[in-house]
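Novice: One structure, as structure tokens, below. Some questions next.
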Amino acid sequence: MLRKIRNLSIRFKIALLLNIFAISIIALVSVVLAQQFKNALQERILLQLSSIRHLKTIQIERILNSHILEIQTMHSHIDNSDYLDALAADRFIHIDSIIINNELAEKMTLINDSIIIEDISAKVNDGKIHLAYHLAQQNLIYTYYSTPQSIQNVLFERTGMGETGETYIVGNDGFMRSQSRFWIDSIPTKIESRTEAFITAQSNGEGVTRHLDYRNKEVFSSFSPFHFHGLKWIVLSEIDVNEALMPLKEMERRIYFISALIAIGIFILSGIIAWFIVNPVLKIKRAITSISKGEKTTIPVYQAKDEIGSLFTTLESLINNTEEIIDFANHIANGQFNKNMVMRSADDRLVSSLNNMKNQLIEIQERERQVQNKSQRLLMAGEEKERGRLSKELHDSIGPLLTNLKLLISQTDINNKIVEERVQNIIEEVRKISVNLMPSVLKDFGLIAATQSFIDQLPSTNQCQIIFMSDKEDESNIPLELSLNAFRIIQESINNAFKHAHATEIKLSITEFVNQVNIYIADNGIGFDMNKVTLGNGLMNIKERVHMFKGHLDISSDKRGTTIEIEFETNRPL
């Protein structure tokens, strides 16, 4: 994965980083805002539930106080049967019946005129709230029974509680006393509600929480104990979490929608920003790639004076320097050494190398000129030497023979046989001179045959043994000019071995391939020091002839003898 990311383009990486950063900020802000809104909403819901619970507690207390007031009024006329009958006919009276409870008097000790309220709903178990008001007077307990539907009506009032909100009463035994608005057909005293809120209210008093209610639904709950004249209830106001947090979910949907729009905008904006950042870099890349390929490069345009602008300035300098270096190199290639390049810094190795190369080329050119002049002088000297040798041979051999023939012819008594012998001698001498100038066998039969003929014609008085080897038995394919050049090299090498090395054995081999001929010459003479010897006419002549035909020459020499190896390509144009 990391390798794939590393291989992405810079533009994509910048856009990706910007998107990750922006989305992270958006996500963080969204989470913080949602959490703050959630906390504020929960606090508001719990506060509202507490207000509703407190209000209904006050209303229930008022109802019970009104009942107590009725009981006190009725009890003051307990001996007036007509009054009691009139009250019984009054539909606004909430007391259902009155009894004198002697059994309870024996069990309970009450202060005169005090009233204790007992919840007997679980005993009746008919789905309604049943209360017994015990009034003590003169060692008797008067019990007034009431079924206060008004309490249930107060609890069913759902103003400000939404669709799932309700306020209900739980008895001290953990079972409901008021009717459940969700389970209308169920008897409250059979619905157990020992929830977290109930347990906390019994032990710690009033409070708020989020828990599972008697339906096993998650609710926000505000609870408090209700203790009134011996009556012990728990009053709870609750609302389902799902309904209570509906505004939060709506807000979350809006946040997600807005975040998505912002993310899309940031994605587009990051792409544009990445393009503005990367596009100049791509221009630099294209320019550098063009420079690396040796192509002519146009200086890219960038107007800003920032860090990337500095890169463009450096690139412009690089392109100009490259063009100047190319122009300088072209001058050197054309042999124009009068131009110099100024080093851009003390460590400008490129320009320093070019200047050094120019100086070395000047030195090489001068050495080549000197070598060429020397070679020309040596060739001219060789030609003059050859002319002198030819002149000497004509003078020493042909000249006397012609003079002798002239004297013989001038005699009156001419012997034709002697004349023919003299003429034949002259012809043989001319043939020898002709063979030395251009062996006919070389032209007619090739290099190997000419070399063998040359070896055969060497003086028999020479004490040097020549071992000649060749793998070519049929006609040679070596061009005539190359054959003549190689033949002269062989002649020069063998003569050097005779005259200077004083060799007693010479090994000569000519190996002819399809496109190449190799010549190997080795002698057992006295040799010479390669580091001290100055190339004489013979070695210089050999070197020049090899160079003339673009061959390869390798000479090695020590006290054990000299070895010359030469390679010529037979198909290379001259």
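Novice: Which numbered condition in (1) surrounded by 18 or more Cβ atoms within 10 Å (Cβ to Cβ); (2) aliphatic (A, V, I, L, M); (3) at pLDDT 85 or above is the only one that Val124 fails?
Specialist: (1)
Novice: Taking Asn320, is it polar (S, T, N, Q) and open to solvent by 70 Å² or more (accessible area, probe 1.4 Å)? Give the steps one after another, and end with the answer.
Specialist: Values: polar (S, T, N, Q): yes; open to solvent by 70 Å² or more (accessible area, probe 1.4 Å): yes.
Yes; evaluated as a whole, the condition is true for this residue.
Novice: Just the residues that are more than 25 Å from Asn356 (Cα to Cα), of a type in the set (A, V, I, L, M) and not in a loop (DSSP other than H, G, I, E, B), please, taken from the range 303-332.
Specialist: Ile308, Leu311, Leu315
Residue-wise test of (1) at pLDDT below 70; (2) charged (D, E, K, R); (3) assigned to a helix (DSSP H, G or I); (4) under 30 Å from Ala497 (Cα atoms).
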site	(1), (2), (3), (4)
Leu408	yes, no, yes, no
Ile414	yes, no, no, no
Asn425	no, no, yes, no
Ile455	no, no, yes, yes
Thr461	yes, no, no, yes
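Novice: Go through the range 261-302 and count every residue that is of a type in the set (S, T, N, Q), over 28 Å from Ser30 (Cβ atoms) and in a helix (DSSP H, G or I).
Specialist: Initially, the range 261-302 is screened for residues of a type in the set (S, T, N, Q), giving 270, 279, 289-290, 292, 297-298.
Next cut, over 28 Å from Ser30 (Cβ atoms) only: 279, 289-290, 292, 297-298.
Then keep just the ones that are in a helix (DSSP H, G or I); that gives 279, 289-290, 292.
Of the residues in the range 261-302, 4 are of a type in the set (S, T, N, Q), over 28 Å from Ser30 (Cβ atoms) and in a helix (DSSP H, G or I).
Novice: Only residues that are touching a helix residue (DSSP H, G or I) at 6+ places or on another chain (Cβ under 7 Å) and not β-branched (Val, Ile, Thr): list them for the range 34-63, please. Spell out the reasoning first.
Specialist: Here is the first cut: in the range 34-63, the ones touching a helix residue (DSSP H, G or I) at 6+ places or on another chain (Cβ under 7 Å) are 34, 37-38, 41, 45, 56, 59-60, 63.
Ala34, Phe37, Lys38, Leu41, Lys56, Gln59 - these are the residues of the range 34-63 that are touching a helix residue (DSSP H, G or I) at 6+ places or on another chain (Cβ under 7 Å) and not β-branched (Val, Ile, Thr).
Novice: With respect to Gly171, determine if the residue is over 43 Å from the mean Cα position of the chain (by Cα) and crowded, with 18+ Cβ neighbours inside 10 Å. Please lay out each step first, then the result.
Specialist: Numbers: over 43 Å from the mean Cα position of the chain (by Cα): yes; crowded, with 18+ Cβ neighbours inside 10 Å: yes.
Judged against the criteria, Gly171 is a match.
Novice: If you don't mind, there's one more thing I want to ask. For the range 494-526, enumerate the residues that are in contact with a helix residue (DSSP H, G or I) (Cβ under 7 Å, 6 or more places away or on another chain) and small (Gly, Ala, Ser).
Specialist: Correct list: Ala503, Gly525.
Novice: Mind counting the residues in the range 243-284 that are within 15 Å of Lys13 (Cα to Cα) and of a type in the set (A, V, I, L, M)? Walk me through how you get there before you give the answer.
Specialist: Residues of the range 243-284 within 15 Å of Lys13 (Cα to Cα): 266-279, 281-282.
Going one step further and asking which of them are of a type in the set (A, V, I, L, M), we end up with 266, 268-269, 272-274, 277-278, 281-282.
Qualifying residue count, the range 243-284: 10.
Novice: I've got another one for you. Determine the pairs where a residue that is farther than 14 Å from Glu206 by Cα, located within the range 52-65, has a partner that is among the polar types (S, T, N, Q) and part of a helix (DSSP H, G or I) with Cβ atoms under 6 Å apart, the partner being 6 or more residues away or on another chain.
Specialist: Close Cβ pairs (under 6 Å, with a partner that is among the polar types (S, T, N, Q) and part of a helix (DSSP H, G or I)) amount to Ile63/Ser150.
The values are calculated or read from the model by the stated rules, or taken from the named source; none is laboratory data. Because the structure is a prediction, the values reported are computed rather than measured. Glycine also receives a Cβ, built like all others from the backbone with ideal geometry; neighbour counts cover every protein chain displayed. Ligands, DNA and RNA are excluded from the accessible area calculation, which covers all protein heavy atoms including side chains. Shrake-Rupley method; radii C 1.70, N 1.55, O 1.52, S 1.80 Å.
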